[in-house]
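Below you'll find the structure, written out as structure tokens, and then a few comments.
The values are calculated or read from the model by the stated rules, or taken from the named source; none is laboratory data. Since this is a predicted model, take the numbers as computed values, not measurements. So basically every Cβ, Gly included, is an ideal-geometry build from the backbone, and we count neighbours across all protein chains shown.
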Amino acid sequence: MIKVLFVCLGNICRSPMAEGIFNAKIKGLGLEKSIQSDSAGTSDYHIGELPDERTLRCAQKNGVGIQHRGRQVHLTDFRDFSYIIAMDSSNLRNLELLKLQSRFPNKEIYLMRNFAEGETGLAVPDPYYGGEEDFENVYRILDAALDGLISHLKVAHPQVFKA
């Protein structure tokens, strides 16, 4: 089982959107029994809350369902997830610090846009203080980066992708 955790700050915009898009793509490939995902935030601002309404509208507009309640990253996530993917460098730094407290200090943490060709080191912008167009932009960025992630998984875990 491959388990992927998407992480942003509050877990109500970028990371649940990434989780929803990724789950839709995995289901489309018929791999939902072999690959699963979740999302979390590095902060405790929105624990238990539904994703931002604009996140939900954007996802629905693009044919993606999101079933998630906000949660904070936990030390056990470093044990339980094969891939932990941050939306920006600030959350990457927070995850790296948290990782040092876990029993898995060598766990690799990835930056989301590093999976999109030509976007290494770039952040998925936080749309929280923006408008609908900002959420659409994040959707497009995540859609492309998640295609790159799936391509990476095909190479790293070919046995999962065999029919």
Original post:
If you check every pair at least six apart or on different chains, which have Cβ atoms under 8 Å apart with a residue in the range 142-163 that is surrounded by 15 or more Cβ atoms within 10 Å (Cβ to Cβ) first and a residue that is in a helix (DSSP H, G or I) and among the β-branched types (Val, Ile, Thr) second?
Top reply: 142/21; 143/21; 146/21; 150/26; 153/160
Original post:
What do you reckon, is residue 103 surrounded by fewer than 17 Cβ atoms within 10 Å (Cβ to Cβ) and under 17 Å from residue 126 (Cβ atoms)?
Top reply: no
Original post:
Taking only pairs six or more apart or across chains, which ones have beta-carbon atoms under 6 Å, a first residue in the range 66-90 that is small (Gly, Ala, Ser), and a second residue that is buried (at least 22 other Cβ atoms within 10 Å of the Cβ)?
Top reply: 70/11; 70/12; 86/7; 86/95
Subject >> Count of residues meeting criterion [out of contact with any Phe, Trp or Tyr (no Cβ under 7 Å at 6 or more places or on another chain) and either buried (at least 24 other Cβ atoms within 10 Å of the Cβ) or among the acidic types (Asp, Glu) (or both)] in the range 7-20 >> reply: 7
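Only one residue in 32, 53 is free of Cβ contacts under 8 Å to residues at least 24 places away in the same chain, under 16 Å from residue 5 (Cα atoms) and exposed (fewer than 14 other Cβ atoms within 10 Å of the Cβ), so which one is that?
Working: 53 fails: under 16 Å from residue 5 (Cα atoms).
Result of the check over 32, 53: 32.
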Subject >> Considering residues of the range 56-73 that are exposed (fewer than 13 other Cβ atoms within 10 Å of the Cβ) and farther than 18 Å from residue 127 by Cα only, the residue modelled with the lowest pLDDT >> reply: 67
Original post:
Counting only residues that are in contact with a Lys or Arg (Cβ under 6 Å, 6 or more places away or on another chain) and in contact (Cβ under 8 Å) with a residue 24 or more places away in the chain, which one in the range 108-131 is surrounded by the most Cβ atoms within 10 Å (Cβ to Cβ)?
Top reply: 124
**OP:** Being under 16 Å from residue 143 (Cβ atoms) and of a type in the set (S, T, N, Q) is the filter here, so list the residues in the range 36-77 that pass it.
**Re:** 37, 39, 55, 60, 62
